[in-house]
Structure formats: structure tokens, C-alpha cells
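The values are calculated or read from the model by the stated rules, or taken from the named source; none is laboratory data. All of these numbers come straight from a predicted model, not from anything done at the bench. When we count neighbours, we look across all protein chains shown, and the Cβ atoms used for this are built from the backbone with ideal geometry, even at glycine.
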Amino acid sequence: MPTVKKAPSRFPNEISEIEVTRDVSKCISCGTCAKVCPFGVHERKTGYNRVSKPLSYLCIGTSCEDKPFYCVNHCPREALSLGVSSEYRTIGDYRWTRDLIIGTWKQAETGIPLKGQRYEIGNSGGGFDRISFNFQDSEGRGEMGGEDMARTSHLTPHTSGAISTEIELNKREGKKLSIKVPFYGGGMSFGSVSLSVMLAKAKAARAWSTFTCTGEGGYPEALKEYDDNVITQVATGLFGVMEDTIQRVKIVEFKYAQGAKPGLGGHLLGDKVTVEVARMREAVEGSSLFSPFPFHSVYSVEDHKKHLDWIKELNPDAIVSVKVSTPTDVDMVAVGSYYAGANIIHLDGSYGGTGAAPDIAKKNIAMPIEYAIPKVHEFLKLEGLRDTMTIIASGGIRTAHDALKAIALGADGVVIGTVELVALGCVRCGNCESGRGCPRGIATTDPELSKAIDLEWGAQRLINLYAAWRSEIVDVLKRFGMKSIKELVGRYDCLIENHEITQD
Amino acid sequence: MPKKYNIEVIPTPPRHTPIGKFEIERGADCINCGRCAIVCIYEVHKRQEEDLRSMAEPVVYRCKGCFSCIQECPRATLTIRDGTDYSRLGDSYWTPEIINTNWYQAETGKIPVSGAGYRGPFSGEGFDSMWTDMSEIVRPTRDGIHGREYISTVVEIGRKLPAIKFDSHGEIVSPIPSTINVPLPIIFDMLPFGRFENVYGAMAKAASYLDTFMIVDAREGFMGEGQKAKGKRQKARWEESHLIPYITQPTIHGFDVDWINACKMVELEYEEDVMGVVNEVKTLNPGTSISVRVPFGDNVAGIVEELTYAGIEVIHLYADLNGQTFGKSLIKNASQQTFRKSLLIKDMTQNVHRHLVDLKIRDDVTLIVSGGIAMAEHVAKAIICGADLTAIDLPLLFALECRYCKNCQEDLACPVELKDVNSEWGAQRMINLIGAWRNQLLEILGAMGLREVRRLRGEVGRAIFLENIEKETFDNVFAREVSHDANG
């Protein structure tokens, strides 16, 4: 397993819940706080008289109150106080709450999963945020009557033996392919994100023996050393798609639609089409690139099959994934894809991430992934195809818990995207699309801004995040008494609906 | 091929400093190092022009909440918080986000586009409890606003025949009722406030440019741009007029016969014996379309049925400003207890539409729905629920920078001085807004593979309703039926 190494925030002031305030008019720079705090919140650098500004994000908060090293109690001049920071109150939204963002940062820094509801679910009031695990052990949160207890009494935790998080991506004939963790990185094109972000994702994918995806903007040269862990995407714009890019990879992804903008093509606004991006996409610098919708060569399952045959002709060993959005007939689409020869049906739910999409599309078109997964899972079972198709879900998978819930609802694994960017320091301000792109240097190809993400640091953050997710997944499986993630697929009985959950 | 309907949008900046989403405060221990000015790409932070040694006050309305300056400041002396004025905008229905997005569209005429995923609640009340569908692969779809295929947003106001009869010579024998074509399913409704001459002037100009209609209360005497010109000329202007005079209590009040004579359409307040007035107007001007304005409330479906059978061709169903119906309807809950509750136009429109479909008279009448139409998505969703077209009110005021502070309702000063709005400027802002709304409608239609908005009406099959999908999927998932086969 890849090594987890601490990868702290690249900012001098990391945002955290707690703000430690030092009243400089009272402080006499005695340095007591620096001596007592074991977490390094206070520091008096050698050669300095004054104590540095408190590093609030290292503080453990009010739980420190009864500890012998609580700085507030030790300060002889009562110059220190704890409070909730203004940044903490400002950051986050319903889907990605402040705690989910900050929690993801912490996991990317340390590689250790965070426990507690606020790090596991968001505040959207529906879908994953209203589903809990039906644990039967002493810590269990499920509240059930006798009938339910009887139904799940076979679920007894076991602690011995290794727990596998490996999943198969190809259940049909042909070359077998599996990944060691039940998730892989979603498509983000060169243009929507910077090259170092793409490379960091690829490096983390290689370290964890999983995959990352190019998105629809072509296959940058620098990505070639990661060929075995890269999925190349063929989307409606066919930007940067060449025979060579299809032949060098193990998985080819057909993007019919994207959850954040179902029924619409990709959007890359003119400002982000820099010289390099334009060259890669064989387009004109500065001109907005709107991919068409749908594939204008595909109006039937037969046309769809023709596309897949074309891929298999070029690369006979390739696993083909078909990425679709979630309309009401998504179950039929999944079956159609099977008959066209797809190995993976990748469902991208309507609340998924994007570099740019009309707000009206993000909120309104197609259904959330929570509904689409059981719909497709059940239908494939009815058709007798569930054992030959791999279902991959995406579009709003924010935490390891979301991933586990998606699997229990019937998916084999998940694709993640936004959470990777959050791990790299995204605050979800939503300004990826305009002007120079992301002000935090992630979703941008601006030569100046994109320097902000160092490849090694970024890869380590993602490796850490994956490690945290994997531990959490193992932990949950252990509590369910399962030895493999594959046992969780479609286990509705492991989930309960929780109407009571509210936050804030 | 007919000329494509196109709304030309022209960027039209606001007159007042915008209200920012965030507030940024620079602390006293700033060392004027200028790091914030380097990391901010939105020019919030700048040095003082008169004294370059110090930093200027942050230009907060430009802040987009990226936190870069906050996190990069070597003294950690910058603070960010949610904008107080911003979060106080509007109310719980007309949220700050809705007002702000309408401002943006009125300024730019562009569809609001952003990065990252959807940020809001999973679902909500009314229109927030439904999603529109899309077609994936098999149905031929158009490219929305970027495509070459023309998607029509024309709606016809008036009665449509279910079938046309021909005689033995192949000549049409059915009398074809006249209809009015509106190039988009949006007309302007009466305003709840801000009823100033210049605001009406802006609305009239925009309605005329867009070739749609605006409803004006006949008592207020606004007769459009041509009212000052007298004589024959006046009548000519009226015929091109895009005004729909609204007559309250028509059985009691008189009306300006000349004016009614000249208008393409008239709206009458619903009263029990409204048919008498309808016939009177019809006699005066047989070419006039008559709409009866009926409140969404108890027995609205029955009233609509009765009016339709009586020969009314257009019915304007209105709810309150927040899209709630008037009065409380009797509802039965799961345990068969009955209680009274206001309904939302999403459900009431469906009820009326279905009732008419069941009676096989749906195409005898055009339904205009209004009340709480706040965003482009509401237009599409109201049509899916069964409306032919919608009428809007508050968003037009937002186009004029209205903050919905409700000061005017308490006789306090309007912070954006609505009554001083220049009509040309206001009209362009409204045109921009409607242009952006229409483009969003095209995006939704394109995603569904529809080529005209008329086909969207009542197409509940092209929508996903929360209560249905919850039941359909989660009843099975959380049903207490046990299925232990692990891999299915």
C-alpha cells in the first residue's frame, strides 16, 4: 500500500472551525502558551521575543477545555480566547458543508479518516444525506424495531482476516481488470484543470492501482508514463481523440452525457482556451468550446454498438465504459449499452461536479444518483445481466460513506471528482469557468495561477485522501461482518432511512 | 423558412453599486505588504491611489468568495463573512440567489453558468420537488442554444380545434377560431408595486420588442407609448399595442370602449356573471381575445370547466406572489385525516390541466399561469405541469435593480429609485432578462429532444417528480421485504 505522508495545507492560514485569538494589548509575550500547547498552535520561534500568531487550524477546540494543557487557562494575562472563526461560518453550502470541506482537507493532510456525522454527510436533506448505515454493533446508529433486528441478525462484526476493497471492472469475457479500491478518478479535461492536477491524479491512481480519466480535452504527453492507470475519454466533441490515445490505454470511456449538464455538451469558456489547450484540442485559442449533444452519429443502440466496435477494433483488449446521465429511462440505456458491448455502465447523477455548466441544468435536469443506482441495479437483475455488467456511480460522491451507500444501493464502485479537487484545496467557490479560471490554481490553465499546485504535494494529498477513504471503507465492512466490498453490492438491508438528520 | 426569432441582448450595467455576496474586513495590523492584491484575481484588493504605501478598503462587491487573500495574508488579518445586505435581500421565497441571478441576467443577457456542482438542497417545495428529464442516446436531440436546429418557443393563445372538417371538395368547413401567436411562453403581468409611468414605459417597450404582451390595470390609465398622440394615429398605435387591459369587476365598472375596440386581447376579472360582459366585449370587437382572470383557489378546476364550456378561450390562473394558492384546500394525509392547506401552483396547475384533459376539452382553452414564477426553470416546469404559458411580475422589477426590500410598501424611500428609471435602459434590462430566460428554456428543451415548447405542455412523462421517484425506488430499497442475495 502506498505510504501516507503528512501533506499540510499550502496556505499560511488554513481555514478551521476554531479561531484562537490573542489579545495583543494584554499579551506580555511570556511564551507560556507555546510551552503548554502540545499541538503547536502557539510558537515562539527561536531568536524572537514575540509569540507568533496562533495557528488556529491545529487547535483541537473546546474539547481542550478540561485538559491540563489548555492554553486559555494557563495564560497569566487572560489574553487568549477560543471562538468560531468567521471563515468557518462563511465556507460551504448545502451539499458540501463547511465540515465536509474542512474534513476532506484534514484527511488529505493526514490520511486518517474522520469520524462523526458531520464528516460523513452533508446538509442537503435528501438522498445520501438522509440515509444511514444499519449497524448492529454497540456503536450502531440504526434505530430499528424487532422485525428489522431479525432481518439483519446475521450481520455480526468480525475482526479477523484481511478485508478486500478490490472490485472487478470487467465482468464479461475478455481480459480481466480489477482495481484495489472501489473508486477511480473522474474525467477532468486538460483545459478544465491544470496539467499538474491531471498528473497528481494520475500519480495517486498509480500508487493505489486504480484509474484516473482524461476528460474530453485530449491526452497530454506528460500523462503517457501513467498509461496503465489512465482512462481515455471519447466525448461528443472528440477533442484530442486519436487512434494512438485509444490504443495505449486499458479503459476507454464513452461520455454520452455528464450529470452536471445532462443533455448539454461540455462547456469550456473562451478565457480558458489557452494556446496549449487549443493545440491539444485542435481548436482556436480564446474561442469557447461547446461540445455538441448528443453524439450526432448515435441515434440508436445499433449506432452505439458501431462506436464500441470501432474502439474494440483499434484496441481489442480495451474495457469500454459508457458514461451516461440519469434520465427516467436510464435503466433501458444501461441494457442498451450492454447489448452494444459495454463492460461498464457509468451513471453520472444530476448533482455532479463540473468545470462549467448552466445553473439551470445543474439543478433541474435528470435525477439524483441515489435513485438511478437502484433503478439500474434492479433492472439489470431482472434482465439477467447484473452479473455481466459493472455499475459505476458518480455525481455527488463526497465521502467514503457516500461511496459505501452507493454500493449498498447497487453500484459496484464509484467515480470521484469534486472531492479530489477539494483535497487539493478547492473551496467550492464555483468560479472555475470564468476569466483566468480557478483563483486557487486548480481548475485553470493560466500559466501564473496553475503554478500554485505542486505535482508531488498534490499527488501526496490524493494518496492520503484515498488512504483515509479506504480505512473508512474497511472499517464499515468490518462492522457489517463482511470480508469484501463485493458483499455490500445491493445490500439495501444495510441502509436505513433517517428522517431526523439535520445539521446546523 | 420563417425568420428565426432572436432576442438581441446588449450588456446594460446597473446604476447602483451591486450588493456583494461577501464582506471582507481588513484588520488593524495590516502591514500593507500587498500580498492580497497579488493573490486576488478579482481586483478586490488594491493600493490607495492617493497613497500607494497603504492598501485601499477592499472593493467587496467584487469578491467571489475564493478565500485566497484570507489564507495568504501573512498577518492573517483579513476576515471574510457573508454579506449582511446580501443575506437580507428578498424573503424565503424570493431568495437572495434568485434576486441576484435575475440581476445578472438583466445586466448581461447571459445564461448563468458556474463551475462546481449544484450547491443547494436536495429538493424542496413546489417546483423544487421536480426535475426535468433528458434524452440520452436514442431520441434525436438538438443542440440547445448552440445548435443549428431551430427550437420554437411560439405558443398560440386561443382555442384550438381537435380536428378540422372538410367538405367533398376538400374545402375546410370548420370555423377556425382565431389565435394570437406569442413568440415565447412569457407575458408580463401586473406589478405588485413599482407601478410608475416610466416602469410601465420600460415594460411596454420591452413587450413590444419581444412581441409579447403586458397586462395593465385599466383603472391606471396607462395606454402605452401612444397615449399622448390623439386621433386616428392613436388608434393605429393601439392596434400594434402589446397591452392587455385588465378590467376589475367588469359587471359594475364601465370601460373605455374605444380602447377595448383597439386591443388584441382583454382580461376580465372573474365574476359569477362574467359571461354577460364577455358577450358585450365580443359584440364591440369580435376579433378580441378575452381572457378571464381566475384565482387559484377552491374549486378552480370547476370554474375553469364551466368557463370553458361557456366558450371562454383563455383563462389566466393566478396565485399569490409566492406561488401559493388563495384560500386553503381540503387535503387528506396518509392516515386519511383531512386538513386545510394552501397548495402551490405546481400541483394546482396539474389538477386543472388533468381535469380538462379528462373532459377532453383541454385544447378548447389556453391556460396562462402566474404567481411565483421566479426563474427560467419555473417557466418550463409550469408548462410541464400543464400551463400553456406563464405571466411574470417581480423578475421584471429585479431587472430594474429592485431589491424587494418592501420599503415602498411602507412608504419609505426606494433604494434604487424605481420611479426615476430611464425607460430605454429599463427596457433593455428586461429584454436581456427575457433573452437569458428564453435561452435557458431552449437548453432544457434541447436536453429533452423537443423542438417546440408547445409539445412540452402537460408532458409529465418528461419530468421526474420527487414523490413518485422516492416511492418508486426507495419503497423497494427500504421496504421491509428481505432479499439476502448479496450480488443480486
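Residues in segment B:149-191 that are within 26 Å of B:Leu442 (Cα to Cα) and touching a Gly at 6+ places or on another chain (Cβ under 7 Å): B:Ile151, B:Thr179, B:Ile180. Entry remark, segment A:128-177: residues being loosely packed, with under 12 Cβ neighbours inside 10 Å, among the acidic types (Asp, Glu) and at pLDDT below 90 number 3 in total. Where helices (runs of 4 or more DSSP H) fall wholly inside segment B:1-118, the ranges with 2 or more residues that are touching a Leu at 6+ places or on another chain (Cβ under 8 Å) are B:68-72, B:96-108. The residues listed here are A:Ser25, A:Ser52, A:Ser16, A:Ser63; of these, the one that is outside any loop (DSSP other than H, G, I, E, B) and either touching a residue at least 60 places away in the same chain (Cβ under 8 Å) or surrounded by fewer than 20 Cβ atoms within 10 Å (Cβ to Cβ) (or both) is A:Ser63. Could you figure out which of (1) of a type outside the set (Gly, Ala, Ser); (2) modelled with pLDDT of 95 or more; (3) not assigned by TED's automatic domain parsing to the domain that holds A:Thr210 isn't true of A:Gln460? Every condition holds for A:Gln460 apart from (3). Within the set A:Ser189, A:Ser209, the sole residue that is among the small types (Gly, Ala, Ser) and crowded, with 24+ Cβ neighbours inside 10 Å turns out to be A:Ser189. Has segment B:402-416 got any residue that is crowded, with 24+ Cβ neighbours inside 10 Å and either assigned to a loop (DSSP other than H, G, I, E, B) or within 14 Å of chain A (Cβ to nearest Cβ) (or both)? Scanning segment B:402-416, I find at least one residue that is crowded, with 24+ Cβ neighbours inside 10 Å and either assigned to a loop (DSSP other than H, G, I, E, B) or within 14 Å of chain A (Cβ to nearest Cβ) (or both), so the answer is yes. If you go through segment A:397-408 one residue at a time, do you hit one that is in contact (Cβ under 8 Å) with a residue 60 or more places away in the chain and within 7 Å of chain B (Cβ to nearest Cβ)? There is no residue in segment A:397-408 that is in contact (Cβ under 8 Å) with a residue 60 or more places away in the chain and within 7 Å of chain B (Cβ to nearest Cβ). In this structure, A:Ala459 qualifies as touching a residue at least 12 places away in the same chain (Cβ under 8 Å), under 19 Å from the mean Cα position of the chain (by Cα) and assigned to a helix (DSSP H, G or I). Scanning segment B:97-118 for residues that are within 10 Å of another protein chain (Cβ to nearest Cβ) and farther than 19 Å from B:Ile19 by Cβ gives B:Lys110, B:Ile111, B:Val113, B:Gly115, B:Ala116, B:Gly117, B:Tyr118. Of the listed requirements (1) in a loop (DSSP other than H, G, I, E, B); (2) at pLDDT below 95; (3) over 28 Å from A:Gly458 (Cα atoms), A:Lys115 misses just one: (3).
Does segment B:207-221 contain at least one residue that is surrounded by fewer than 19 Cβ atoms within 10 Å (Cβ to Cβ), assigned to a loop (DSSP other than H, G, I, E, B) and modelled with pLDDT under 90?
Looking through segment B:207-221, at least one residue is surrounded by fewer than 19 Cβ atoms within 10 Å (Cβ to Cβ), assigned to a loop (DSSP other than H, G, I, E, B) and modelled with pLDDT under 90.
Among residues belonging to segment B:318-353 that are in contact (Cβ under 8 Å) with a residue 60 or more places away in the chain and in a strand (DSSP E or B), point out the one that is nearest to B:Glu467 (Cα to Cα). Here the residue is B:Leu344. Identify all residues within segment A:23-51 that are of a type in the set (Asp, Glu) and more than 15 Å from A:Ser81 (Cα to Cα); write none if there are none. The one that is of a type in the set (Asp, Glu) and more than 15 Å from A:Ser81 (Cα to Cα): A:Glu43.
Considering segment B:75-96, and only residues there that are more than 9 Å from every other protein chain (Cβ to nearest Cβ) and of a type in the set (D, E, K, R), the residue that is nearest to B:Pro395 (Cα to Cα) turns out to be B:Asp91. So which residues in segment B:350-366 are out of contact with any helix residue (DSSP H, G or I) (no Cβ under 7 Å at 6 or more places or on another chain) and crowded, with 20+ Cβ neighbours inside 10 Å? B:Thr366, the sole residue that qualifies.
Does segment B:69-81 contain at least one residue that is crowded, with 20+ Cβ neighbours inside 10 Å, within 27 Å of the chain's Cα centre (by Cα) and not assigned by TED's automatic domain parsing to the domain that holds B:Glu377? No. Filtering segment A:422-441 to residues that are more than 8 Å from chain B (Cβ to nearest Cβ) and of a type in the set (A, V, I, L, M, F, W, C) leaves A:Val422, A:Ala423, A:Leu424. Per the listing B:Glu43, B:Glu23, the residue uniquely within 24 Å of A:Arg89 (Cα to Cα), surrounded by 19 or more Cβ atoms within 10 Å (Cβ to Cβ) and within 14 Å of chain A (Cβ to nearest Cβ) is B:Glu23.
Residues checked against (1) closer than 21 Å to B:Cys66 by Cβ; (2) not hydrophobic (A, V, I, L, M, F, W, C):
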{"position": "A:Tyr57", "(1), (2)": "yes, yes"}
{"position": "A:Cys71", "(1), (2)": "no, no"}
{"position": "A:Arg77", "(1), (2)": "no, yes"}
{"position": "A:Tyr94", "(1), (2)": "yes, yes"}
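Taken over segment A:271-316, the criterion of being touching a strand residue (DSSP E or B) at 6+ places or on another chain (Cβ under 6 Å), assigned to a helix (DSSP H, G or I) and within 14 Å of chain B (Cβ to nearest Cβ) is satisfied by A:Leu308 alone. Scanning segment A:335-373 for residues that are at the interface with chain B (Cβ under 7 Å from one of its Cβ atoms) and among the acidic types (Asp, Glu) returns a single hit, A:Asp359.
Of everything in segment A:302-331 that is without any contact (Cβ under 8 Å) to a residue 60 or more places away in the chain and touching a helix residue (DSSP H, G or I) at 6+ places or on another chain (Cβ under 7 Å), the residue that is nearest to A:Tyr256 (Cα to Cα) is A:His304.
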